[in-house]
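Since the structure comes first, as structure tokens, the remarks are kept for the end.
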Amino acid sequence: MPITVRDLLSFKERGERFVMLTAYDYPTARILDEAGVPVLLVGDSVGNNVLGYDTTIPVTMDEMLHHCRAVARGASNALVVGDMPFMSFHTSIQEGIANAGRFLKEGGAHAIKLERPSIEVAAAIVDRGIPVMGHIGLGPQSVHAMGGYRVQGRSEEHARKLLDEAQTLDKAGIFALVLEGIPAELAARITEAVATPTIGIGAGPHCDGQVLVINDLLGLGFGSYPKFAKPYADLRGTITGAVQAFQADVRAGTFPDEAHSYR
Ligand code: KIV
């Protein structure tokens, strides 16, 4: 049975931890879907993980929809969530609703995610029958305003502000809430205080679910990984090894051999 937004609430009610992973293309989406991952996020992190941008800021609606369609084609069971890119829901409520609708109509997504949204925009999109995942704490779209990728909510005053934001979004009817880059104790407080399931990244172990960027999980990154990301594989090393072996075979004249040639 395909996963729906209601299943995430049931996970929380049953105390069953779950995962969300980012996916940006058809084969990855298909592998993750077949591995039983319940939620696939077509994150705007496609910008720095796939498209070669330094940040998520340049990512456009057209780029997001292109990747969303590919992921939707690979997902039979998983809930597909499209991430609204920078400036696609900031200038007016109408524009936010229209762009959210495009993710469902053109992108094949089942829901959308809003990073640090105004409550008015989030509530208006929920009101149009589009499931909304919120995202608070460290918002990479605000990297310049934050002066870098910094842990948020360290002071009691800021922690209270984030708790407040979480409760307001919860009341507006979001179906899940990403908590990024906040202290574990604050994530635990928020998770306890809201009905909606929380999904943490760099937010400690007390969230209802956990999300990672697939490139980090698979060891496909360049440079060092953030403290919160755990590579479970070394695909960059595996790819490099395979490509070097192929080059060596071609140079030595051992590929293609009899088994890989036609007569
Ligand atoms: O774009 C993304 O990958 C995200 C996750 C880190 C939650 O927003």
* Among the residues of segment 67-82, is any more than 17 Å from the chain's Cα centre (by Cα), of a type in the set (Gly, Ala, Ser) and under 25 Å from Pro197 (Cα atoms)? -> yes
* Determine the pairs where a residue that is at negative phi, located within segment 5-31, has a partner that is within 16 Å of the ligand (Cβ to nearest atom) and of a type in the set (D, E, K, R) with Cβ atoms under 7 Å apart, the partner being 6 or more residues away or on another chain. => Phe11/Asp208; Lys12/Asp208; Arg17/Asp208
* Specify the residue that is farthest from Ala195 (Cα to Cα); the eligible residues are those in segment 146-168 that are within 21 Å of the chain's Cα centre (by Cα) and assigned to a helix (DSSP H, G or I). => Met146
* Do the conditions hold for Gln141, that is, is it out of contact with any helix residue (DSSP H, G or I) (no Cβ under 9 Å at 6 or more places or on another chain), under 20 Å from Val37 (Cα atoms), within 12 Å of the ligand (Cβ to nearest atom) and assigned by TED's automatic domain parsing to the domain that holds Asp25? -> no
* Examine segment 167-174 for a residue that is away from the ligand (no atom under 16 Å from the Cβ) and free of Cβ contacts under 8 Å to residues at least 12 places away in the same chain, and state whether such a residue exists. => yes
* Structure fact -> Filtering segment 40-73 down to residues that are more than 8 Å from the ligand (Cβ to nearest atom), of a type in the set (Ser, Thr, Tyr) and within 22 Å of Tyr225 (Cα to Cα) yields Tyr53, Thr55
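Okay, residues lined up against (1) of a type in the set (A, V, I, L, M, F, W, C); (2) open to solvent by less than 10 Å² (accessible area, probe 1.4 Å); (3) within 15 Å of the ligand (Cβ to nearest atom); (4) touching a helix residue (DSSP H, G or I) at 6+ places or on another chain (Cβ under 9 Å):
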| site | (1), (2), (3), (4) |
| --- | --- |
| Gly107 | no, yes, yes, yes |
| Glu120 | no, no, no, yes |
| Ile130 | yes, no, no, yes |
| Gly137 | no, yes, yes, yes |
| Val151 | yes, no, yes, no |
| Ala159 | yes, yes, no, yes |
* Run down Asp44, Asp62 and say which single residue is among the charged types (D, E, K, R), in the same structural domain as Thr198 (by TED's automatic domain parsing) and touching a strand residue (DSSP E or B) at 6+ places or on another chain (Cβ under 6 Å). => Asp44
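The values are calculated or read from the model by the stated rules, or taken from the named source; none is laboratory data. If you're wondering where the values come from, they're calculated on a predicted model, not measured in any experiment. All Cβ positions, glycine included, derive from the backbone under ideal geometry; neighbour counts span all protein chains shown. Accessible surface areas use protein heavy atoms only, side chains included; no ligands, DNA or RNA. Shrake-Rupley method; radii C 1.70, N 1.55, O 1.52, S 1.80 Å.
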